[in-house]
There are 2 protein chains.
Amino acid sequence: MIGVMSNEEVEATLRRHRVGRIGCSANDRPYVVPITYAYDGEDIYAYSANGRKVSTMREQPLVCFEIDEIEGPSSWRSVLVEGRYDELTEPEGRTRALRLLNGNGGEPVLRTPSDAAGDGVVLFRIDVLGRSGRFERRDA
Amino acid sequence: MIGVMSNEEVEATLRRHRVGRIGCSANDRPYVVPITYAYDGEDIYAYSANGRKVSTMREQPLVCFEIDEIEGPSSWRSVLVEGRYDELTEPEGRTRALRLLNGNGGEPVLRTPSDAAGDGVVLFRIDVLGRSGRFERRDA
């Protein structure tokens, strides 16, 4: 059966993971890449080198963020977030993003705000507009 | 270091997996979902229930297909395919797609062509226009 996840299951899935995939598109050229993220219960925070992903999101800020847990063709769960790209340029937002990204367990992704300031690393928030989750499991 | 995968590595990654994520977008509303696929060395074959994914790809056929292998924020590989949605409506193409999808190991995803014909299941090919792969690994 295919089913819809409850809000609680969607929330727990967003909190459980550290990597998802972001989908962006400008002029209807879709682009999907994995990103490391942090979720604060409201929005998604992430970073990226300056490149196609960032230039696409700057041009067209509606994005899609996906997480999945796949055991097989008929046994999977996936969460989909639709949101808006918000580039963090002010020190307060950047510091908050770094704290979240470095604080969600495992190795730090960026050690200091200056790591992110140098080398054109972009910090951004995905302002969550909608979220949903679906699953399939084999019928008992 | 971040690097670019060789053609051989990209090819091997496409052959190694059975699940990827497809990104599509119409009117700049990106949509990303996991799909089970088969790869014949040239193109990607997949199926879907009739829904947002199929209606989006019918409206705007340029799609993106992503596979990744992620160990951590600084240790990952990802393959990106850009291609064109081609819905399989003729018996020959549908039979070929089913044979590939059922033949790539594991449980059959669809048992007979009539499974796919009923219930609005759509079979499609992603006509591969370009492929690339990137990786990051910790410097030794």
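The values are calculated or read from the model by the stated rules, or taken from the named source; none is laboratory data. Keep in mind that what you see is a predicted model, and the values were worked out from it rather than measured. Note: ideal-geometry Cβ built from the backbone for every residue, glycine included; neighbour counts use all protein chains shown. The area values use the complete protein model at the heavy-atom level, side chains included, leaving out ligands, DNA and RNA. Shrake-Rupley method; radii C 1.70, N 1.55, O 1.52, S 1.80 Å.
So for each of A:123-131, A:87-95 I average, over its residues, the number of other beta carbons within 10 Å; can you give me the resulting order with the highest mean first?
A:123-131, A:87-95
Per-residue mean of other chain beta-carbon atoms within 10 angstrom of the beta-carbon, peptide B:50-60?
Numbers: counts 0, 0, 1, 0, 0, 0, 2, 1, 0, 1, 4.
The per-residue average across the peptide is 1.
State, to one decimal in nm and shortest first, how far the label point of B:Glu71 sits from each corresponding label point in the other identical copies (label point: 7 angstrom along Cα-to-Cβ).
2.7
To the nearest hundred square angstrom, how large is the accessible surface buried between A and B, total for both chains, probe 1.4 angstrom?
Buried surface at the A/B interface: approximately 2700 Å².
With the label 7 angstrom out along Cα to Cβ, how close does B:Asp139 come to the same site in each of the other copies, in nm, nearest first?
Values, ascending and in nm: 5.7.
For B:Glu8, what charge total do you get from the other residues with a beta carbon under 14 Å from its beta carbon, if Lys and Arg give +1 and Asp and Glu give -1?
Working: positive: B:Arg15, B:Arg16, B:Arg77, B:Arg131; negative: B:Glu9, B:Glu11.
Computed value for this residue: +2.
Could you work out Rg/(2.2 N^0.38 Å) for the protein assembly as shown, with Rg from alpha carbons only?
1.01
Distances in nm, one decimal, shortest first, from A:Thr89 to the same residue in every other copy, taking the label point 7 angstrom along Cα→Cβ.
Inter-copy label distances (nm, one decimal, shortest first): 4.8.
From other protein chains only, count the Cβ atoms within 10 Å of every residue's Cβ in A:90-99, then give the mean.
For this peptide, the per-residue mean of nearby foreign Cβ atoms is 0.
Helix A:7-16 versus the longest principal axis of chain A: what is the Cα-based angle in degrees, 0 to 90, to the nearest 10?
With rounding to tens, the tilt is 50 degrees.
Can you compute log10 of I(q)/I(0) for chain A with the Debye formula, treating each Cα as one identical point scatterer, at q = 0.09, 0.13 Å⁻¹?
Taken in order of the listed q values, log10 I(q)/I(0) reads -0.28, -0.58.
Report the relative contact order of chain B, percent, no decimals, based on alpha-carbon pairs under 8 angstrom and at least 6 residues apart.
33 percent
Relative to the longest principal Cα axis of chain A, at what angle does helix A:91-103 sit, 0 to 90 degrees, rounded to 10?
For helix A:91-103, the angle is close to 50 degrees.
To the nearest 10 square angstrom, how much accessible area does A:Ser132 have with a 1.4 angstrom probe?
About 60 Å², ignoring ligands and nucleic acids.
Under 12 Å from the Cβ of A:Arg77, count the other residues' Cβ atoms, weight Lys and Arg +1, Asp and Glu -1, and hand me the total.
In short, -3.
With the full set of protein chains in place, find how many percent of the accessible area of segment A:5-86 is carbon and sulfur; take the probe as 1.4 Å.
Taking all protein chains in place, segment A:5-86 shows 41 percent carbon and sulfur surface.
Please compute, for peptide B:29-42, the average count of beta-carbon atoms on other protein chains lying within 10 Å of each residue's beta-carbon.
Counting other chains' Cβ atoms within 10 Å and averaging over B:29-42 gives 5.
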